[in-house]
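The structure appears below as structure tokens.
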Amino acid sequence: MDNRDAVSAFLRSRRDKITPEQAGLPTYGQRRVPGLRRGEVATLAGVSVEYYTRLERGNLQGVSDSVLDALARALRLDATERMYLYDLARAAGPAPGARAQQREVRPTVRPSVARIVEGMPGMPAYVMNNRLDTLAANPLGRALYSEMYADPTCGANVARFAFFNPAARRFYTDWERMTRFAVGALRVEAGKSPYDRELSNLIGELSTRSDTFRVMWGSHDVHVFRESTKRLNHPLVGDLELDQETMSLPDESGLSVVVYSAPPETAAEDGLKLLASWSATTGLEQNARCTSKPSTRQP
């Protein structure tokens, strides 16, 4: 998969967001473009117009780090956007076959990581991959996202749930903010792994089935999940305002552990306790149904 289109669209979208005034450039007469002209970006980056035109046409192969840094400064990229630009440049390099073969290996959740997630019974916890699939969750995590797990068409994928299931618009109090972050996270991963077939298929599915996703994807905004406040409206316990921490595993798997917690002595803490009680009761009932069998012994 050639990433020239992604490079070109990203650079244009960042250029369109910067006004000459923001860049400290004088303006004369009426302008045809919403942001900076190509020549103005070239001047700010210290490269020729011809060279910058080549970059904006999507050709980042062989571009030095110093040029990428200058381009990031000229376009006023934040840390996540700068990382994305570097990922696009790396993906434009040679040997796509080797990278494609490497991405075919599906990461699995190590038993030790699964034990860590299970060992936090008072906090919803998950293991998530780079496509926003939840590969493992503790009971409270499954209870918190009960509507996603109850929908087999989601495949335990947060993006599918957010865009395809109508319940998600109620569940995520800040639905638009959350979905923009999710789209931005998928955009970052697409920059890192343009040859990931499952990721490409997911993005294609979301684009085909959701007009909203398609518009958000076209904005070329990027995002990295770290710490944040998640506001949820659970069908059983109501409103919850939880702190979210996302911790990437220190290996090449691309997996992250996501943990929600509630500040002490808050309504959210009470809500999680109630949800944990409901989860424990439901789990016991399910186990009883699974293990109980009608007797076959004759009196």
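The values are calculated or read from the model by the stated rules, or taken from the named source; none is laboratory data. Being a predicted model, the structure only gives us computed values, none of them experimental. Every residue, glycine as well, gets a Cβ built from its backbone with ideal geometry; the counts of neighbours run over all protein chains shown. With ligands, DNA and RNA removed, areas are computed over all heavy atoms of the protein, side chains included. Shrake-Rupley method; radii C 1.70, N 1.55, O 1.52, S 1.80 Å.
Observations
- Among the residues making up the stretch 196-249, those that are in contact with a Gly (Cβ under 7 Å, 6 or more places away or on another chain) and among the aliphatic types (A, V, I, L, M) are Val222, Val237, Leu240.
- Total residues in the stretch 232-250, condition touching a Lys or Arg at 6+ places or on another chain (Cβ under 9 Å) and not hydrophobic (A, V, I, L, M, F, W, C): 8
- When residues of the stretch 77-93 are limited to those that are loosely packed, with under 15 Cβ neighbours inside 10 Å and outside any helix (DSSP H, G or I), the one nearest to the chain's Cα centre (by Cα): Asp78
- Among the conditions (1) modelled with pLDDT of 95 or more; (2) open to solvent by 60 Å² or more (accessible area, probe 1.4 Å); (3) assigned to a strand (DSSP E or B), Leu242 misses just one, which is (2).
- Being loosely packed, with under 12 Cβ neighbours inside 10 Å, among the charged types (D, E, K, R), at pLDDT 90 or above and farther than 19 Å from Ala6 by Cα is a description that does not apply to Glu40.
- Residue among Arg110, Arg142, Arg131, Arg115 that is closer than 22 Å to Tyr195 by Cα, open to solvent by 20 Å² or more (accessible area, probe 1.4 Å) and charged (D, E, K, R): Arg131
- Any hit, the stretch 25-34, residues being in a helix (DSSP H, G or I) and either modelled with pLDDT under 95 or open to solvent by less than 30 Å² (accessible area, probe 1.4 Å) (or both): no
- Of the helices (runs of 4 or more DSSP H) lying entirely inside the stretch 150-230, the ones with 3 or more residues being open to solvent by 10 Å² or more (accessible area, probe 1.4 Å) are found at 158-164, 175-192, 197-209, 211-218.
- Pairs, first closer than 16 Å to Glu40 by Cα in the stretch 57-79, second open to solvent by 40 Å² or more (accessible area, probe 1.4 Å) and part of a loop (DSSP other than H, G, I, E, B), C-beta under 7 Å, six or more apart: Ala70/Gly46
- Restricted to the stretch 43-76, and to residues there that are among the polar types (S, T, N, Q) and over 29 Å from the mean Cα position of the chain (by Cα), the residue that is least open to solvent (accessible area, probe 1.4 Å) is Thr53.
- Scanning the stretch 169-178 turns up no residue that is under 13 Å from the mean Cα position of the chain (by Cα), hydrophobic (A, V, I, L, M, F, W, C) and under 28 Å from Arg90 (Cα atoms).
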